[in-house]
Amino acid sequence: MSSIKFPFDEKESSIFGKIRIPIAKVQFLTKKSKKEKMITMIIDSGADYTLLPKFLSEILEINLKKDSYPMITQGVGGKATVFIVKKPIKVKIGDNERSIILGFANNDFIPPLLGRYTFLETFKVTFENFTTTFS
């Protein structure tokens, strides 16, 4: 397994000024055309599973009515409907490929979140000096 590193992203916060956010660039394999689509994601060790905004389901060629089932979840923002894809989706980070459980939010307001189940838990993930290393 090869290691891959990503520098944190910088964002402006109205409360804290500049903040740094751990991100990763993840290649998703589209369902029908089998093309790779790069998505920049926030690394969220508090997220149980990987979650994307609803509009990305179209880009990844996933029909939410046919290819997923709805589930009510509860988190910091309260209760929400999430669509869990029925079959694992292939993703790559660097040269490392995984088949992951993936959910889509019922809106486009959340950022892409890279979660623990079937992904982060399969790597040693290190946050150090505003760099994330997957090994």
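Here, each number is a calculation from the coordinates, and none is a lab measurement. Quick caveat: nothing in here was measured; it's all calculated off a predicted structure. Cβ coordinates were reconstructed from backbone atoms using ideal geometry, including for glycine residues, and neighbour counts include every protein chain displayed.
Considering only Gly75, Gly115, Gly103, give the residue with the highest GNM mean-square fluctuation for the chain, with springs between Cα atoms whenever their separation is below 10 Å. Highest fluctuation among the options: Gly75. Count Lys and Arg as plus one, Asp and Glu as minus one, and take only other residues whose Cβ is under 14 Å from that of Arg20; the net charge is then -2. Which residue, Leu51, Leu29, Leu114, tops the fluctuation ranking in a GNM of the chain built on C-alpha contacts under 10 Å? Sorting by GNM fluctuation, first place goes to Leu29.
State which entries of Lys79/Lys124; Lys34/Lys65; Lys25/Lys65; Lys92/Lys124; Lys54/Lys87 exceed 22 angstrom in Cα-Cα distance in the structure shown. From the list (Lys79/Lys124; Lys34/Lys65; Lys25/Lys65; Lys92/Lys124; Lys54/Lys87), the Cα-Cα distance tops 22 Å for Lys79/Lys124; Lys25/Lys65.
The alpha carbon convex hull volume per residue for the chain rounds to 110 Å³. Give the distance, in whole Å, between the Cα centre of region 104-131 and the Cα centre of region 1-61. For region 104-131 versus region 1-61, the Cα centre distance is 7 Å.
For the chain, what is the percent of antiparallel DSSP beta bridges, rounded to the nearest 5? Don't jump to the answer; show the numbers that get you there.
Values: 39 of 44 bridges.
In the chain, approximately 90 percent of DSSP beta bridges are antiparallel ones.
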